[in-house]
Amino acid sequence: MIRQLYRVLGPEGSRPLNRLLLLQCGAAVLQGAAFALLVPVLKALLGTDPADVRPWLAAFAGCVIAYAALQGAALSGGFTVGSQLSRVLHRRLADQALRLPLGWFTAGRTAEFSRLAGQNVIQVMSTPAHLLRPFISSVLTPVTLIAATFFFDVRTGLVLLVCAPVLYAVQQGSTSLMRRLDLGRDAAIGESADRVLEYTRNQPVLRAFGRTAEGYGALDDALVAEARADRRLIVRGLPGLVSFTFATRLVFALLLALGVSWQLDGSLTVPTLLALLVLLVRLIDSVSSAAEAGAGMRIARNTLERLGAVLDEPPFPQPAEPQTPHDASVEFTGVTFRYGAGGTGERAVLDDVTFRLPERSMTALVGPSGAGKTTVASLIARFRDTTQGTVRIGGVDVRDITADDLAAHVSLVFQDVYLFDGTIEENVRIAAPDADSADLAEAAALSGLDRVIGELPDGWDTKVGEGGARLSGGQRQRVSIARALLKDAPILVLDEATAALDQENEALFAEAVRVLADRKTLLVIAHRLSTVVHADQILVLENGRITERGTHDDLITACGTYASFWQRRARAHGWRLEGARP
Ligand SMILES: Nc1ncnc2c1ncn2[C@@H]1O[C@H](COP(=O)(O)OP(=O)(O)OP(=O)(O)O)[C@@H](O)[C@H]1O
């Protein structure tokens, strides 16, 4: 576990941990020495001249004072290392979240990540002060006591030396059994936490369909599995714990019997026997507390292992020799993409896709739901890497562009808008914290956010709530568009909202898109014809393949899928591409 502490703390945290371990080891040895000195103290007191006790008493007092000093320093050092542990872990986890590929963040892993950053970091924080100290003293104090026993009676020392490895083996056996059971229980608790989270988040859907907790099978199953893991821990783990307690008591009984027989045959004096028995009681106490500390250490070790595993996840590969894009064009060449680790998914979501978005042009990407449109957007921003083929920005493969450079070139507006719990202004300024008020006003005007701000009593200072919950879908969308515009990246990818905009806002959005097309390379994943008709080129994506491309007029003349979309729209006002099928 100490190794894992070093691993998660990294090089900067290793020095305070070294110092802490030194203090804790020193205190544990001094505690053992103080107990050992009780033997000569007792022997002198029960011996012929009680005045002989003075030098031993002085040595005992010296040991106790030195122990108290080291123990005090070790205690405060434990808290210092604990709070450093929390700081370092939060920072390293945040850094790691930035470096991990987006594909890593499945729902389960996201929940595990927030558990690790929340309750698990708090749990691990207390390890140096509350677990490490008792654990070290429960190992080093008995070792010191056994070594001291040799000075008083070699035979007792030898018996203890033989018994110690047996006790250690029994304890290790019980620890590894409990560790396996703990791991199983941790996994079951994690699963229950995920299901409770899912159950809480999906309350609107569950209530709409009249599902109660009892009727929500996934949660029921997870809770039953957790209860089973708890029972397994108690039933299978108990024999291990009991066997260790039994073994320590057996060693005590053996030594008591031997001590009495040695006293009876005259080879051990009564005062030495009594003093050794006092020492043995202390020894058994210390060894037993090793078992208790071991339980806490086991849990902390499992947690540290999970933290270490997340911190060791390989980051998204960055270019060895970075290049800078030459312009703001985007090019897909023979791009095939499958989801799954390393592109192992069964289905090619994009299949041999080739297109080019010239600089300062507008392209509309249309197609039925699930055709792969959002996947195209995520490949431009290199949220994921292609399975085959190349995505180039300004003539340079996105894999040869640094993450910062790529972020500076591409702005994205997704349908699922996430806002941070702050004001509207803070949310827009995330894109460019130093932007002046003229830039902010321009972004607001282009996105239609200025109207929202005019209607809200607190204007720019309106609190949006967690995730933007206090704003409507359309308002959130406009904050998100303003944010993307303020960033002023030369390439803008807009995943047009299907439902969030009403007709008035739709016209406004279409106007903003037209203005932007003159300034930026624009890719709009379009669901509305008012956006599509003005595009310089329209790409029709079906089942991961581009089946048609051209301007609106070209495609109408071609009488293909796009033309049939258009005719449907003419028949039914309020047409949506995403639901349509040719
Ligand atoms: N993280 C993922 N893991 C596995 N499959 C995914 C993932 N994201 C999307 N897919 C699958 O890839 C396909 C294309 O999804 P994508 O979101 O790109 O489609 P889309 O055209 O944008 O759809 P929509 O218009 O409904 O947003 C779908 O079949 C979807 O189920």
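The values are calculated or read from the model by the stated rules, or taken from the named source; none is laboratory data. In this text the structure is predicted, and so the values were computed from the model without any measurement. Here the Cβ positions follow ideal geometry from the backbone for every residue, glycine too, while neighbour counts run over all protein chains shown.
Evaluate the following for ALA117: is it over 18 Å from the mean Cα position of the chain (by Cα) and farther than 30 Å from THR387 by Cβ? The answer is no for ALA117. Of the residues making up region 315-335, those that are of a type in the set (Val, Ile, Thr) and free of Cβ contacts under 8 Å to residues at least 60 places away in the same chain are THR333, VAL335.
For region 76-113, filtering for residues that are closer than 17 Å to LEU20 by Cα and either of a type in the set (S, T, N, Q) or in contact with a strand residue (DSSP E or B) (Cβ under 7 Å, 6 or more places away or on another chain) (or both) leaves 5.
Only one entry in ARG382, ARG356 is in the same structural domain as ILE538 (by TED's automatic domain parsing) and either out of contact with any Asp or Glu (no Cβ under 6 Å at 6 or more places or on another chain) or of a type in the set (Val, Ile, Thr) (or both), namely ARG382. Checking each residue in region 533-550 for being outside any strand (DSSP E or B) and away from the ligand (no atom under 14 Å from the Cβ) picks out VAL533, HIS534, ALA535, ASP536.
Every residue in region 44-90 that is within 30 Å of VAL121 (Cβ to Cβ) and among the hydroxyl-bearing types (Ser, Thr, Tyr), please.
Correct list: SER76, THR80, SER83, SER86.
Tell me, please, whether a residue that is of a type in the set (D, E, K, R), under 25 Å from VAL349 (Cβ atoms) and assigned by TED's automatic domain parsing to the domain that holds SER361 can be found in region 533-540.
no
Identification of helices (runs of 4 or more DSSP H) wholly contained in region 414-459 with 2 or more residues that are loosely packed, with under 15 Cβ neighbours inside 10 Å yields 437-447, 449-455. Does GLY474 satisfy being over 23 Å from LEU350 (Cα atoms), more than 16 Å from the ligand (Cβ to nearest atom) and either surrounded by 15 or more Cβ atoms within 10 Å (Cβ to Cβ) or not acidic (Asp, Glu) (or both)? Spelling it out, GLY474 is indeed over 23 Å from LEU350 (Cα atoms), more than 16 Å from the ligand (Cβ to nearest atom) and either surrounded by 15 or more Cβ atoms within 10 Å (Cβ to Cβ) or not acidic (Asp, Glu) (or both). Residues considered: GLN318, GLN388. Of these, the only one that is more than 14 Å from the ligand (Cβ to nearest atom), at pLDDT below 90 and more than 21 Å from LEU492 (Cα to Cα) is GLN318. Do we find that ALA253 is modelled with pLDDT of 85 or more and in a helix (DSSP H, G or I) in this structure? Judged against the criteria, ALA253 is a match. Residues in region 256-268 that are assigned to a helix (DSSP H, G or I) and aliphatic (A, V, I, L, M): LEU256, ALA257, LEU258, VAL260, LEU264.
Cβ-Cβ distances below 7 Å connect the following pairs, each with a first residue in region 258-279 that is at negative phi, a second residue that is loosely packed, with under 12 Cβ neighbours inside 10 Å, and a separation of six or more residues or different chains: GLN263/VAL270.
Residues that are within 16 Å of the ligand (Cβ to nearest atom), among the polar types (S, T, N, Q) and without any contact (Cβ under 8 Å) to a residue 60 or more places away in the chain: find the helices (runs of 4 or more DSSP H) completely inside region 98-159 holding 1 or more of those.
107-115
Assess whether LEU258 counts as being within 30 Å of ASP153 (Cβ to Cβ) and either out of contact with any Cys (no Cβ under 6 Å at 6 or more places or on another chain) or assigned by TED's automatic domain parsing to the domain that holds THR175 (or both). Yes. Of all residues in region 293-314, those that are surrounded by fewer than 17 Cβ atoms within 10 Å (Cβ to Cβ) have Cβ atoms under 7 Å from Cβ atoms of residues that are at pLDDT below 85 and of a type in the set (D, E, K, R), 6 or more apart or on another chain, in GLY308/ARG7. Quick check: anything in region 416-424 assigned by TED's automatic domain parsing to the domain that holds SER361, on the phi > 0 side of the Ramachandran plot and under 31 Å from the mean Cα position of the chain (by Cα)? No - not one qualifying residue is present in region 416-424. There is at least one residue in region 365-383 that is touching a Ser or Thr at 6+ places or on another chain (Cβ under 8 Å) and within 13 Å of the ligand (Cβ to nearest atom). Residue check: ALA275 meets all listed conditions (1) surrounded by fewer than 18 Cβ atoms within 10 Å (Cβ to Cβ); (2) of a type outside the set (D, E, K, R); (3) out of contact with any Gly (no Cβ under 9 Å at 6 or more places or on another chain) but one, namely (1).
Scanning region 319-355 for residues that are part of a loop (DSSP other than H, G, I, E, B), buried (at least 18 other Cβ atoms within 10 Å of the Cβ) and in contact with a Ser or Thr (Cβ under 8 Å, 6 or more places away or on another chain) yields ALA328, SER329, ARG338, ALA348, VAL349.
On the basis of being crowded, with 18+ Cβ neighbours inside 10 Å, more than 16 Å from the ligand (Cβ to nearest atom), assigned by TED's automatic domain parsing to the domain that holds ASP495 and within 30 Å of the chain's Cα centre (by Cα), does VAL398 make the cut? Judged against the criteria, VAL398 is a match.
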